Every structure is written in C-alpha cells, then in structure tokens.
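Visitor: To start, I am sharing the structure in question, which I have written as structure tokens.
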Amino acid sequence: WIVAQEELPTDVELYKKAAELDILQEPKIAAVLAQTLFDEDIVDEIGDHSAFFNKIFISSEYEKNFLGGIERFLGLQHKDLISSLPKILVQLYNHDIISEEEIMRFGTKSSKKFVPRDISKKVRRAAKPFITWLENAESEDEEE
C-alpha cells in the first residue's frame, strides 16, 4: 500500500491504514516500515517519523523487526548506504526508537532471518563503531 501511493503517506495516514488493516499488533509491520519509508536521506528522515515509531513499537519484537527491515533496506536495496549504519543507529538511539539492548543484540550476531547471512555480516559489521561507542559509554557510566 505504501509503495503504491504517489506520495509517501503521512504518519497519521499510515497509522489509520495500519489500524484499518488490523496490523498494528503485528511486529512485522516495523520491518515493512523500515523498508518503505526511507530513501538515501534515511539519517535525516528517521527523526521525522520518531513519534510515529514510538507510538507503534510497543515491544522489543517491533524493535528487532525494524532493525531487520533496516538490514534489508541497506543490504539489499541501498548497499551504498551501509557505511551510514552508525549514523542511522545514532538517530534511532537518540530518538528512543530502538533500545540500547536491541542495538547491542543487533550488532553482536549476524542472522539469516531478514537477509542472507553474508549480507547480514556485512551490514552488522558496519554497526561496530556505534556498538563500540555504546560499550564504552556503558563502562564509563559504571565507573562513575
């Protein structure tokens, strides 16, 4: 439905359509949103949708699926943007869209759930600078 629209629907329109289709309770909606709402300006676009994501991501399953959708978006559709993954993760983290725990889980182990394992490894390897920053920030907090 999103792709078939002439213009990208607003977040309100997306929410209403998802409610109409009775898919708000389905975590896979997060993966679809990650693959259809963004273009090459994904880093800047995340903040525009943060209130919408925060409203519909009601459990860690949504977060996992969203990161899987980002993995598909980068690994299959926009390989040239893989190096932007740390910036994407910063936006997701700063806007409280994805929890620190889910980002850490995503960055530590590849999966073949959303993309072939070799692509997953490549995408998740790109997350390393942000994961390292999170780990260091965590250890600094523990020292204080």
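The values are calculated or read from the model by the stated rules, or taken from the named source; none is laboratory data. Not measured: the values here are computed from a predicted model. All Cβ positions, even for glycine, are placed from backbone atoms using ideal geometry, and neighbour counts span all protein chains on display. The area values use the complete protein model at the heavy-atom level, side chains included, leaving out ligands, DNA and RNA. Shrake-Rupley method; radii C 1.70, N 1.55, O 1.52, S 1.80 Å.
Visitor: Do you know which of the residues in region 1-16 that are in contact (Cβ under 8 Å) with a residue 24 or more places away in the chain and among the aliphatic types (A, V, I, L, M) is most open to solvent (accessible area, probe 1.4 Å)? Full working, then the answer.
Guide: As a first pass, look at region 1-16 and keep what is in contact (Cβ under 8 Å) with a residue 24 or more places away in the chain: 2-3, 8, 11, 14-15.
After this cut, where a residue has to be among the aliphatic types (A, V, I, L, M) as well, the list is 2-3, 8, 14.
Working: ILE2: 27, VAL3: 120, LEU8: 87, LEU14: 9 Å².
Here the residue is VAL3.
Visitor: Going through region 88-115 one residue at a time, which ones are closer than 15 Å to PHE73 by Cα, open to solvent by 70 Å² or more (accessible area, probe 1.4 Å) and either assigned to a helix (DSSP H, G or I) or in contact (Cβ under 8 Å) with a residue 12 or more places away in the chain (or both)?
Guide: LYS113
Visitor: Working only within region 43-83, note down all residues that are hydrophobic (A, V, I, L, M, F, W, C) and touching a Ser or Thr at 6+ places or on another chain (Cβ under 7 Å).
Guide: So in region 43-83, the residues hydrophobic (A, V, I, L, M, F, W, C) come out as 43, 46, 51-53, 56-58, 66-67, 70, 73-74, 76, 81-82.
Within region 43-83, just VAL43 meets the criteria.
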